[in-house]
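Here it is, the structure in full.
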Amino acid sequence: KAGVTQTPRYLIKTRGQQVTLSCSPISGHRSVSWYQQTPGQGLQFLFEYFSETQRNKGNFPGRFSGRQFSNSRSEMNVSTLELGDSALYLCASSLDRGSDGYTFGSGTRLTVV
Amino acid sequence: AQSVSQHNHHVILSEAASLELGCNYSYGGTVNLFWYVQYPGQHLQLLLKYFSGDPLVKGIKGFEAEFIKSKFSFNLRKPSVQWSDTAEYFCAVNGLGSYIPTFGRGTSLIVHP
């Protein structure tokens, strides 16, 4: 079966701009979680969506938002980009609650200049 | 605060050496434990997981991990590493007050041929 697909793979944006990242989970997986990965902080949880509803949210400012569509595809948006938002953004899908572990996508590498 | 610690940030080994990567967590309740691996240029993959039962868990590629509840630890082991094991290894724990897994900061393993 196809894995978790994230697009785009790479992005370069300017401070103050906004960006939208996309994630298509494994077919049948209804839970989509987003993580920010940086060398200094490791993987930091952003939010989790299940059946189009945000079920959990991490400790990130309101500039970070997301949504999930009826086909379980998810998008995350970052507004008013800051240099510190440069990171690898990972999407992970699971059947429900990640109890069987997550399947991760390859990530979107965002560079803010 | 609930946390996951991986004390070895960088490990360098020669092929055929034995490997043990430490993972400790701070939470007294029921937990599910995972090890993920991220090979260079690839996405995070689930290596092994522990939910209940035998505390010695075997995963893919000859890896195993032992859950020691009294020590709040879930260390990853491999008797003989190969050059292809060069990767970053992440320990993750859920049940730390939530089913959302908390990840350790990762251990970078370099295996010299």
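The values are calculated or read from the model by the stated rules, or taken from the named source; none is laboratory data. Note that this is a predicted model, so its numbers are computed, not measured. We place every Cβ from the backbone using ideal geometry, glycine too, and count neighbours over all the protein chains shown.
Working carefully through the options B:A16, B:A92, B:A65, find the one that is within 21 Å of A:S33 (Cα to Cα) and among the small types (G, A, S).
Details: B:A16 fails: within 21 Å of A:S33 (Cα to Cα); B:A65 fails: within 21 Å of A:S33 (Cα to Cα).
Within the list B:A16, B:A92, B:A65, the selection yields B:A92.
State all residues of the stretch B:20-50 that are closer than 26 Å to B:I110 by Cβ, in a loop (DSSP other than H, G, I, E, B) and among the polar types (S, T, N, Q); if no residue qualifies, say none. Outline the logic, then answer.
Pass one, the stretch B:20-50, residues closer than 26 Å to B:I110 by Cβ: B:20-25, B:33-49.
Add one more test, that the residue is in a loop (DSSP other than H, G, I, E, B), and what stays is B:22-23, B:39-44.
Matches in the stretch B:20-50: B:Q42 only.
Tally the residues that are under 18 Å from B:K49 (Cα atoms), touching an Asp or Glu at 6+ places or on another chain (Cβ under 9 Å) and crowded, with 17+ Cβ neighbours inside 10 Å, restricting the search to the stretch B:68-84. Write out each step before concluding.
Within the stretch B:68-84, the first condition is being under 18 Å from B:K49 (Cα atoms), and the residues that meet it are B:68-69, B:71-78.
Okay, now just the ones that are also touching an Asp or Glu at 6+ places or on another chain (Cβ under 9 Å), so B:73-78.
Checking the rest, the ones that are also crowded, with 17+ Cβ neighbours inside 10 Å come to B:73-76, B:78.
The qualifying residues number 5.
Related question: Residues that are within 14 Å of chain B (Cβ to nearest Cβ): list the strands (runs of 3 or more DSSP E) wholly contained in the stretch A:33-113 that include at least 3 such residues. Don't jump to the end; show me each part of the working.
On the way: elements: A:42-50, A:53-57, A:64-68, A:74-78, A:87-94, A:108-112.
Passing ranges, in order: A:42-50, A:53-57, A:87-94.
Right, next: Can you tell me which residues in the stretch B:49-105 are of a type outside the set (A, V, I, L, M, F, W, C), more than 14 Å from chain A (Cβ to nearest Cβ) and in contact (Cβ under 8 Å) with a residue 60 or more places away in the chain? Lay out the reasoning, then the answer.
Residues of the stretch B:49-105 that are of a type outside the set (A, V, I, L, M, F, W, C), as a first pass: B:49-50, B:52-55, B:58-59, B:61-62, B:64, B:66, B:69-71, B:73, B:75, B:77-80, B:82, B:84-86, B:88-89, B:94-95, B:97-99, B:101-102, B:104-105.
Filter once more, so that each one left must be more than 14 Å from chain A (Cβ to nearest Cβ): B:53-55, B:58, B:61-62, B:64, B:66, B:69-71, B:73, B:75, B:77-80, B:82, B:84-86.
Correct list: B:K78, B:P79, B:S80, B:Q82, B:D85.
Looking at the stretch A:32-62 only, could you name the residues that are more than 12 Å from the chain's Cα centre (by Cα) and in contact (Cβ under 8 Å) with a residue 40 or more places away in the chain?
Within the stretch A:32-62, A:T38, A:F50 meet the criteria.
Of the numbered conditions (1) at pLDDT 95 or above; (2) surrounded by fewer than 22 Cβ atoms within 10 Å (Cβ to Cβ), A:C23 satisfies every one except a single condition; which is it?
Failing condition for A:C23: (2).
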